[in-house]
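First the structure, in the form of C-alpha cells, and then the observations on it.
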C-alpha cells in the first residue's frame, strides 16, 4: 500500500510540473507587460522615498545605493550619477545611447517620471548596445549638474534621449532659449493707520517648469498683484504689510499670500471684491487643479506696513510686469502658435527691499531681445533695478534625420500611436547636452506621469532595433 501511494505521489507531482511548465509556455510575459510592471515598481520605490530626497546629496546617495544593489557600474560627480552599461557582443556595432534624467529637489514629485524611466533602462536594457544613463541635478530648473558634466559622457555620434518633466508628454527637436531676471525695488515702512488685517492666500498649485502652451496656468503672484490694483480701482483704502510667493524665478509658484490692512468699516467692501475674484478663479481652475485653494482670514495687526510711495511703486510694478503668453506666430489663417512666454516665479521681501524673480522663454532669439527691452522700460518707469541672470540659447535639430526616423519607427511600433514632433518653448536639458557635444544626435522628450511605459518601451525598442548580430541574440536566448 505504501509503495502504491509513493508511485501515485510521484505521478501527481510530475503531472503538476507538466502543467506548470505548460502554463509558463502559454503565458510567457511580453515585453509590454515587463516594462509596465517593472516601471511601476521603480516609480513606486521613488515615490515612497520622496520624504528623504530633499537635497541633491540625498538623491545621489539614493541612486548610488540603488545602482550598487543592482550591480550597475556608476560614478557620482557634481551631483550627477552616471550609470554605465557596456555593450553586449551582439550589439558591438551599435552607436552608444545616452539617456538624460534630470531631477529637481524643489519639485521631486515632478522628477519621478524621468527618474523611473532612467532606472528601468539602466537595469532592463535587454543586453543591447552601450548605454549611459545620467541622473543630473536640475534644482530650480537651472541645469547645474549638466553645466558641470564632463563632455566624455556624451560621446561622438551618440544617440541622446534628453528627458524632462511636464504636465504633458511631447517629442521635440527644438526647445526655446531662456533668460532669468531679478527685479529689485527699495522699501520703506511706516506704522499702520488702519485697524483690520486680512491675509489673502492662494495655495495648492502644482508648480513646475513654466509652459503656458499646455494650458493657462494661474500664477498666484500675478493674481494677487492684480487684486491689489483692483482695490485701488474700486477706491478701497488699504495698506500693504507683506507679500510672498514661489521659490525660484525659473519655476511656477505653487502659492502666494499677502497681508492687507483696511478700516473695519471697509471690510464688507473688501469681502465682496475678494469673494468675486475667488469665484472667478475657482470656476476656471478648480476642475483641473483639484488641490487649489483661495482663501482669506483676519490676522493680528502687524507692527509696520509699506509707506505710501513704496506701496504705490510696488503695486504699479507687479501689475505691469509681464506674465503669460507673449508672442504667437501667425500661420496664414490657421491657429496661432505660441512661441514666447514670460512667467513670474517668486517674490521675496525683507526690511529694505523686495526682489521679484522671473523668466522669459522663446523659440526666437529676437523675441527674447524684445522682451528684455520691455522689462528694462517697465523697470525704468517704476524706479526698479533690473538684473539679467542666467542666459541659455535656443536649440534645434532637423526633423528628417535618420535618428529621428528611427525613434519614430520605434515609438509607433511599441505604442501603436502616431509619432508627432512639436515645438517646445521651455528650456530643456537638450540645450546643455548640445553644448557638451554638438556632434551627437539629440531628441527631447518631456514626460508626464501618464503613459510612462510607452516612452520607456519606445526607447528600449529603439535600442533593440540598432545594428546587431541576430545569430548571437538567438544563441543567448536559446534554451539550455
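Values in this text are rule-based calculations from the coordinates and carry no lab data. As the structure is a prediction and not an experimental result, all values here were calculated from the model. Quick reminder, even Gly has a Cβ in these numbers, built from the backbone with ideal geometry, and neighbours come from all protein chains shown.
Quick notes
- Between helix 31-49 and the chain: long-axis angle, C-alpha atoms, 0 to 90°, nearest 10: 40
- C-alpha long axis of helix 308-320 to longest principal axis of the chain, angle in °: 40
- Calculated semi-axes √(5λ) of the Cα gyration tensor in Å (choose from (i) 60, 22, 18; (ii) 52, 27, 20; (iii) 37, 31, 23), label: (ii)
- Note on segment 22-173: percent of Cα-Cα distances in each 5 Å bin, starting at 0 and stopping at the bin with the largest distance, equals 2, 9, 18, 22, 21, 14, 8, 4, 2, 1, 0.
- The alpha-carbon positions of segment 27-112 define a convex hull whose volume is 138 Å³ per residue.
- Dividing the helix sum by the residues of the chain, where each DSSP H run of 4 or more adds -39500 (n - 2.57), gives a mean residue ellipticity at 222 nm of -12500 deg cm²/dmol.
- Segment 391-421 and segment 275-301: distance between their alpha carbon centers, rounded to Å: 40
- The angle between the Cα long axis of helix 402-415 and the longest principal axis of the Cα atoms of the chain comes to about 80 degrees, rounded to the nearest 10.
- The ranking of 274, 35 by Cβ neighbour count inside 10 Å, starting from the fewest, reads 274, 35.
- Stokes-Einstein D for segment 411-472, Kirkwood Rh over Cα pairs, 10 °C, 1.306 mPa s (µm²/s): 114
- At 0.692 mPa s and 37 °C, Stokes D of segment 305-375 from Kirkwood alpha-carbon radius, µm² per second: 232
- With one equal scatterer per alpha carbon and no solvent term, the Debye-computed log10 I(q)/I(0) for segment 178-392 at 0.08, 0.10, 0.11, 0.14 1/Å reads -0.29, -0.45, -0.55, -0.87.
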